[in-house]
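Q: Encoded as structure tokens, here's the structure I'll be asking about.
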Amino acid sequence: MDRPIIGISMNFMHLGQYHQFHIRDKYIDALYNNGALPFLIPCLEDKACLREYLSRVGALVIIGGLDYPPGLYGEALHPKTELAHDRRVRSDFILLETALEEQKPLLGICAGMQLMNIYFGGKLIQHIENLDAHFGEKYHPVRILGGRWLPRIFGKDEITVNSNHHQGVDPQHIGQGLQVVAKAEDGMVEALEYEAPQMVLGIQWHPERIIDPEVSRPIFQFLNELAAGKKG
């Protein structure tokens, strides 16, 4: 078997009678069906242990989920904010920090992109006004504005993506070192890129759930090639 190993974060939540590590099947299937070997990384706060996990993988995906606490970016809790479990929040920050230190190619999906903006000192819109355009798996065009990675992945200036989020990156408060590399027609930030030697890319959409292979496949195949050391 010659599959690149790609690490993928997990949720932590109370389900039924127990707290459980949790991940939706679409993430695993998308990585596997596009040629990778998914390697699950549980929510841990032991940095040395997370570093050991990352030593086994060629790239990392940080998945979507519930909302990060707004206190992390200096705001009070909005009534519509649905907080992620503290254990996931703490683990995600350590995992992102360690991945950056280890120079692992990284893809943040939905909340994973929002995590990137918070980590680098940016803020989120806790509940977007134009919710109908971005929630409930709505499809809409996204304009690619440049950057190092998205033009190489897609080879065109516009793609059609899905949306299922009620929060977004605040375009007035972009984290230090981050560049907005894609936007929706209404100005919603759809992709962020960090200035680093390796790919550190956040996207607001969910490629693992997009039916059109022209949009879903390229980003996972590109990540595979980075994980295998075939691109840089």
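Just so you know, all these numbers are worked out from the coordinates, no wet-lab data involved. The structure displayed is predicted, hence computed values, not measured ones. So basically every Cβ, Gly included, is an ideal-geometry build from the backbone, and we count neighbours across all protein chains shown.
Q: So what is the relative contact order for region 56-134, in percent, with contacts set as C-alpha pairs under 8 Å and at least six apart?
A: 43 percent
Q: Whole Å is fine, so just give me how far the alpha carbon centre of region 112-126 lies from that of region 41-105.
A: Here the answer is 11 Å between Cα centres.
Q: Also, I was wondering about something else. Most fluctuating residue of Leu60, Leu72, Leu106 in a GNM of the chain with Cα springs under 10 Å: which is it?
A: Largest GNM mean-square fluctuation: Leu72.
Q: Based on the mean of other beta carbon atoms within 10 Å per residue, what is the order of 171-184, 126-139, most packed first?
A: 171-184, 126-139
Q: Could you give the length gained on full extension between Leu131 and Asp186, defined as 0.36 nm per residue of separation minus the Cα-Cα distance, in nm?
A: Value of the extension gain: 18.7 nm.
Q: Working out 0.36 nm times the residue gap between Lys80 and Asp157, then minus their Cα-Cα distance, what length gain in nm do you get to one decimal?
A: Between Lys80 and Asp157, full extension yields an extra 24.4 nm.
Q: Tell me, what is the percent relative contact order of the chain, built from C-alpha pairs under 8 Å that lie six or more residues apart?
A: Dividing the mean separation by the residue count of the chain yields 21 percent.
Q: Okay, moving on. As an exercise, use a Förster radius of 35 Å and the Cβ-Cβ distance of His173 and Lys230 to find the FRET efficiency, rounded to the nearest 0.05.
A: 0.45
Q: Sticking with this one: Please check: in the Gaussian network model of the chain (C-alpha springs, under 10 Å), which one of Gln204, Gln167, Gln17 has the largest mean-square fluctuation.
A: In this elastic network of the chain, the residue with the biggest mean-square fluctuation among Gln204, Gln167, Gln17 is Gln17.
Q: Among the listed pairs Lys26/Lys80; Lys47/Lys80; Lys80/Lys231; Lys26/Lys231; Lys80/Lys183; Lys47/Lys138, give every one whose C-alpha distance is greater than 30 Å.
A: Beyond 30 Å: Lys47/Lys80; Lys80/Lys231; Lys47/Lys138.
Q: Relative to the present Cα-Cα distance, how much length would full extension add between Lys138 and Asp212 at 0.36 nm per residue of separation?
A: Using 0.36 nm per residue and subtracting the Cα-Cα distance, I get 25.3 nm.
Q: To continue, here is another question. Place the peptides 88-100, 44-56 in order of packing, highest mean first, counting for every residue the other Cβ atoms within 10 Å and averaging per peptide.
A: 88-100, 44-56
Q: May I pose another question? Using a/c under 1.5 as the rounded threshold, could you call region 184-231 rounded, prolate or oblate? The axes a ≥ b ≥ c are square roots of the C-alpha gyration tensor eigenvalues, and prolate needs a/b larger than b/c, oblate otherwise.
A: oblate
Q: Assuming a ≥ b ≥ c are the square roots of the Cα gyration tensor eigenvalues, decide whether region 101-159 counts as rounded (a/c under 1.5), prolate (otherwise, with a/b larger than b/c) or oblate.
A: It is oblate, given that a/c is not under 1.5 and a/b is not larger than b/c.
Q: Hey, another quick one. Compute a Gaussian network model of the chain, connecting alpha carbons closer than 10 Å, and tell me which residue from Pro141, Pro38, Pro218 fluctuates the most.
A: Pro141
Q: While we're looking at this one, here's another question. If I compute percent of Cα pairs over 28 Å apart from the structure I just sent, which labelled value in (i) 23; (ii) 34; (iii) 46 lines up?
A: The listed entry that was calculated here is (i).
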